[in-house]
Amino acid sequence: MSITALPPTTTPLFERISESKKEDVVRDLSALLGAKYVLHTSYDLMLYEYDASIDRCTPDIVVMPASTEDVAAIVKIAASYNTPVVPRGAGTGLSGGAIPVYGGIVIVFTRMNRILEIDYDNLRAVVQPGLVNLHLSNALNPQGFYYVPDPSSQRSCTIGGNAGENAGGPHTLIYGVTTNHVLGLEIVTPEGKIVQVGGWTQDTPGYDLTGLLIGSEGTLCIVTKIIVRIVHMPEAVKTMVAVFDTMDDASNTVSEIIASGVIPAAIEMMDQMILQAVEADTHAGYPMDAAAVLLMEAEGLREGVAEQVEQIVAVCNKYHARAVRIAANETERQLFWAGRKNAFGAVGRISPEFYVQDGVVPRTRLPYVLRRVSEICASYGLRVGNVFHAGDGNLHPLILFDSHIPGEIERVRKAGHEILEVCAEAGGTITGEHGVGIEKQEEMALIFNEVDLRVMQQVRQAWNPHQLFNPGKLFPMPGRCADIKQL
Amino acid sequence: MGDIETFAGDLQTFASTALVTSEADTLRNYAVDGILPRFVVTPTNVEQVGHIVALANQHGLSLLARGGGSRMSVGGLPEQIDVLLETNRLTRILEHEAPDLTCHVEAGLTMAALQARLAQKGQWLALDPPDAAQATIGGLLASNASGPKRLRYGSARDLVIGLHVVQANGELSRSGGRVVKNVAGYDLNKLYIGSLGTLGIIVDANFKLHPLPIAERTLLLTFTNAGDAMHMVIALLGSLLTPSAIELIDSGAASDMSDFFGVHLPTNGYTLAVNFEGGAVTIDRQLDETRQLARKHAALMVDDLAGESQSHFWEAIREHTQGSVTCKVAILVSQVAPYLQTVEQVCRRHDLEAAILAHAGNGILFIELRPSDATPRLIEAIAELRSYAKEARGSLIVERCPVDLKRRINVWGEPGSDFFLMQRLKNQFDPNGTFVKGRFVGGL
């Protein structure tokens with residue numbers, strides 16, 4: 001069975017497409033895009049049945065449009081055959097947002113990956129959804145600018161996917177997440193209409209549709225163009241690693257740094273299990289016997305950074321940091337970050353599989369919640385590692401498991417659910433940046449009541465009433481794709 | 001027309017402690033663009049707001065929410081207002097989690113009262129709109145008010161982390177939460193902010209807070225022409241200096257500020273006010289480098305403000321963004337200088353005068369047009385200014401104007417190609433048209 005509990009099965013939203021209908025759809029799509037850009041054999045489709053979450057489901061057809069007009073035409077074809085459409089960036093999502101739970105057509109944006117415009121005077125860039133996040137900053141860096149949101153997967157994830165999930169990253173602590181950096185979108189509606197929302201300027205008259213669409217997980221529209229804000233690179237960056245002998249000391253340090261009004265650019269925490277995995281993988285020089293390490297970064301003008309570093313070090317010392325190391329140069333800084341950004345991958349060295357949660361809690365509750373996370377996992381006999389955005393209170397417990405052990409998946413699922421219950425009770429939320437997708441549909445009820453959920457569903461009703469786009473996501477739903485694969 | 005008598009009777013039953021008035025003299029104080037409500041109801045708690053809205057909905061009455069009343073001029077002419085719901089008794093600070101830098105407050109609290117409370121713990125809500133003493137949290141959010149410091153901190157959309165909103169059927173619903181990072185479900189906070197009460201009534205809000213700056217200074221620079229001033233702005237934005245606010249003041253606005261606020265600025269050319277916040281050492285360097293940059297852009301140094309004179313200056317700036325005929329223009333920063341020339345030409349052509357303040361780093365201009373009773377000339381000038389704003393990838397809305405003028409123009413301009421999507425949202429959220437129509441974009 002899947003890691004997420006299957007909701008009660010009643011009538012599914014969509015029937016799986018029949019072979020003969022599929023042939024017709026493939027023919028129409030091939031006429032539009034050329035056969036080369038329409039994948040439909042099971043061999044070709046297999047790559048698109050999963051993302052970085054745990055569920056999987058094979059699409060019937062994968063298409064690769066080259067333009068907004070292509071996307072609009074694809075949507076019209078899909079609508080005429082009543083076949084669902086799921087947009088997909090790089091497939092790095094962690095909540096199943098890109099998994100086509102009813103099959104249908106998956107739109108892949110690899111051919112729409114261009115930077116259309118960069119305007120340094122007005123600090124704007126216009127990009128296509130398939131552009132890899134890091135490629136934008138790479139293009140801006142020579143002029144001294146960059147694009148702020150930096151998910152750990154930024155070397156492969158796309159800005160379209162970031163917009164769909166409202167992606168965060170380590171440096172969102174002072175600068176905000178994707179929604180704080182997007183001013184406008186070009187979108188395709190379920191009718192196949194191309195619409196501009198927001199724009200280049202601020203405060204466009206009318207409802208803030210851009211704000212509504214960012215993080216809507218592909219359930220309202222398909223984004224075909226994104227207008228983003230770019231910013232100047234900081235003059236000085238100091239990266240520090242503080243080493244602690246207890247988790248409590250590390251989390252109290254985080255909460256005191258924030259409370260004191262010093263807001264660094266990033267505060268990341270890694271616990272012992274993660275440190276061991278990371279060291280084996282990246283050799284970043286992290287101590288393997290420490291209970292926890294904080295990776296912190298101060299940036300801005302030289303003078304301000306010096307002041308911040310002093311304050312941060314003082315707090316670390318107050319909470320008995322065994323050592324505080326400041327990266328001596330850019331190479332060492334990159335190494336520290338490589339350790340952090342590769343952490344999920346590194347865990348593969350110590351466990352065949354892991355399940356990551358994404359709860360957020362008020363920062364002052366971190367010590368309590370982290371203790372509860374270890375208690376919960378211990379009570380299920382599961383190992384857990386923590387690597388997360390501590391400054392935002394955004395937890396990423398990685399529960400390690402092996403699906404070959406009977407009953408293990410069920411225990412992992414229960415532990416994950418209990419962790420999110422604790423986050424909700426502590427005044428937090430069930431997802432800070434990974435999205436709800438199919439993974440946390442049931443957990444929506446931990447933080448939203450029936451009225452809250454109904455109001456949200458009104459939005460989907462207004463935009464995507466027949467759930468042509470990304471059906472069966474976000475809300476508890478009856479019925480699922482029959483061939484969601486078992487682990 | 002709804003059944004107003006049974007509504008009044010039912011109110012007694014369901015919201016007995018709410019204050020209800022239908023006295024003509026009182027109602028006149030609550031007129032919106034000359035339209036008098038038939039009832040003013042002042043609930044004393046959130047539950048009553050729900051009851052009142054539900055009753056209005058059931059009786060087919062139209063309802064409009066009002067905070068401190070400082071922004072009622074925003075928007076088109078309202079259609080009939082049966083019930084005006086005043087939120088100013090909902091003033092509780094539900095939580096100020098100082099160590100988390102968050103707070104949770106009711107919508108009727110004034111901005112000034114909130115800031116005073118937060119300041120006790122060395123924090124503030126980083127929004128600096130006009131009229132802090134009168135304006136309420138709910139009203140500010142519903143009308144998306146902001147001020148000069150949005151350059152650094154963003155606007156309401158960047159600071160709100162959760163809302164409770166009474167829906168058109170009277171039910172209370174939550175969006176977001178009380179943590180700073182949250183992607184669970186649709187981000188409805190964004191939808192309610194600036195929706196002018198057309199989708200629901202904001203009854204309380206959770207905010208992300210900031211520490212009060214350790215120090216703050218403002219440099220005043222004067223330029224003989226707009227081009228130099230805006231080149232300076234672009235240079236500042238593209239530099240490392242990270243100013244918190246950059247305000248551009250034209251000669252018309254400068255003489256207003258001298259007449260009304262006793263702030264004396266050169267009354268020819270353009271003044272640029274550049275504000276920095278942070279540690280003292282850092283600010284010294286920021287000011288130094290700004291002065292160097294200013295010299296390159298042919299600026300004259302006017303003043304270096306701190307303390308009282310600085311607070312008074314920014315107070316004057318905030319209040320000046322509201323006059324009798326105020327157009328708010330949002331355009332690209334690089335287009336501000338040419339746009340200022342256009343304003344001059346348009347005014348000359350129509351024999352009008354302008355006083356302009358701009359959040360120059362955001363490309364947001366507040367253009368005060370005079371005389372305010374020159375209706376036919378104003379209509380033409382506004383139409384021209386709007387079309388130039390559109391050419392500069394922007395928009396023009398008329399934030400304040402006399403009712404005479406409002407009857408004859410569209411304060412928002414023609415809705416864009418995304419309007420049908422806004423209509424669908426409105427139909428979903430308010431199918432019976434309970435929230436007063438006419439004021440929002442496209443008459444929503």
Subtract the Cα-Cα distance of B:ALA306 and B:GLU344 from 0.36 nm times their separation in residues, and report this length gain in nm to one decimal.
-> 10.4 nm
Which whole-number value in Å³ per residue fits the convex hull of the alpha carbons of the stretch A:132-176?
-> 63 Å³
A:SER351 accessible area, 1.4 Å probe, all protein chains in place, Å² to nearest 10 = 10 Å²
Take every residue in peptide A:458-465, count the Cβ atoms of other chains within 10 Å of its Cβ, and give the average of those counts.
-> 5
So, relative contact order of the stretch B:215-320 in percent, Cα under 8 Å, 6 or more apart, is 44 percent
Note: chain B, point scatterers on Cα, Debye, no solvent; log10 I/I(0) at q = 0.07, 0.11 Å⁻¹ equals -0.36, -0.89
The answer for B:LEU61, listing residues at least 5 apart or on another chain whose modeled amide H is closer than 5 Å to its amide H, is none
Using helices alone, what [θ] at 222 nm do you get for chain A, with -39,500 (n - 2.57) per DSSP H run of 4 or more residues, divided over all residues and rounded to the nearest 500?
-> -10000 deg cm²/dmol
Sorting A:TYR147, A:TYR368, A:TYR175, B:TYR270 on solvent-accessible surface, 1.4 Å probe, most exposed first, gives A:TYR368, A:TYR175, B:TYR270, A:TYR147
Considering only DSSP beta bridges with both partners in chain B, what is the antiparallel share in %, to the nearest 5?
-> 90 percent
Working note, the stretch B:167-298: Cα radius of gyration (Å, one decimal) and Dmax (Å, whole number) are 20.8, 60
For the stretch A:236-345, what Kirkwood radius comes out of the mean inverse Cα-Cα distance, in Å?
-> 13.7 Å
Eligible lysines near A:LYS21 by straight Cα distance, threshold 30 Å, same-chain separation 8 or greater | A:LYS36, A:LYS76, A:LYS193, A:LYS473, A:LYS485
quick note, the protein assembly as shown, DSSP beta bridge pairs, % antiparallel (nearest 5) is 90 percent
Treat every Asp and Glu Cβ in the protein assembly as shown as -1 and every Lys and Arg Cβ as +1, leave all other atoms uncharged, and give the resulting dipole magnitude about the Cα centre to the nearest 20 debye.
-> 960 debye
Might you report the magnitude of the Cβ-based charge dipole of the stretch A:236-345 about its Cα centre, with Lys and Arg at +1 and Asp and Glu at -1, to the nearest 20 debye?
-> 160 debye
Charge tally for neighbours of B:MET301 with beta carbon under 11 Å away, counting Lys, Arg as +1 and Asp, Glu as -1, is 0
Positive dipole terminus of the protein assembly as shown, leading residue within B:MET111, A:PRO287, A:GLN196 (C-beta point charges) = A:GLN196
If you take the Cα atoms of the stretch A:351-435, find Rg, then find the Kirkwood Rh from the mean of 1/r over all pairs, what is Rg/Rh?
-> 0.96
Length-normalised contact order of chain A, Cα under 8 Å, at least 6 apart, in percent, tallies to 19 percent
Mind checking the dipole of chain A: about its Cα centre, +1 per Lys or Arg Cβ, -1 per Asp or Glu Cβ, Debye to the nearest 20?
-> 580 debye
Note down the accessible area of B:CYS401, probe 1.4 Å, to the nearest 10 Å².
-> 20 Å²
The stretch B:326-406 pair-distance distribution - Cα-Cα, 10 Å bins, rounded % = 20, 58, 21, 1
Picking from B:LEU188, B:LEU236, B:LEU84, which is most flexible by a Gaussian network model of chain B using Cα springs under 10 Å?
-> B:LEU188
Counting partner chain Cβ atoms within 10 Å of every residue's Cβ in A:435-441, what's the average?
-> 1
May I have the convex hull volume per residue, in Å³, for the Cα set of the protein assembly as shown?
-> 162 Å³
Candidate aspartates and glutamates - alpha carbon under 18 Å from A:LYS22, same-chain residues fewer than 8 apart omitted | A:ASP44, A:GLU49, A:ASP60, A:ASP483
Starting from the Cα of B:ASN29, step 7 Å along the direction of its Cβ; do the same at B:VAL403; then give the gap between the two resulting points in nm.
-> 1.8 nm
Whole-Hz ³J(HN,Hα) from phi, Karplus 6.51 cos²θ - 1.76 cosθ + 1.60, for the stretch A:430-447, glycine and proline x = 8, 8, x, 7, 8, x, 8, x, 9, 6, 10, 4, 5, 6, 3, 6, 6, 10
Given H placed 1.01 Å from N in the peptide plane, which residues other than close sequence neighbours of A:ASN386 have an amide H under 5 Å from its amide H?
-> A:ASP271, A:MET273, A:ILE274, A:LEU398
iface A-B | buried accessible area, total | probe 1.4 Å | Å², round 100 | 6500 Å²
Accessible surface of B:ARG377 in the full protein assembly, 1.4 angstrom probe, to the nearest 10 Å²?
-> 90 Å²
Using 0.36 nm per residue of separation minus the Cα-Cα distance, give me the extension gain between A:ALA306 and A:THR110 in nm, one decimal.
-> 66.3 nm
Carbon + sulfur, % of accessible area of the stretch B:215-320 - ligands and nucleic acids excluded, 1.4 Å = 52 percent
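The values are calculated or read from the model by the stated rules, or taken from the named source; none is laboratory data. Computed from a prediction, not measured in an experiment: that's the story for all the values here. Don't worry about glycine lacking a Cβ; one is built from the backbone with ideal geometry, like all the others, and counts go over all protein chains shown. Only protein heavy atoms, including side chains, enter the accessible area calculation; ligands, DNA and RNA are left aside. Shrake-Rupley method; radii C 1.70, N 1.55, O 1.52, S 1.80 Å.
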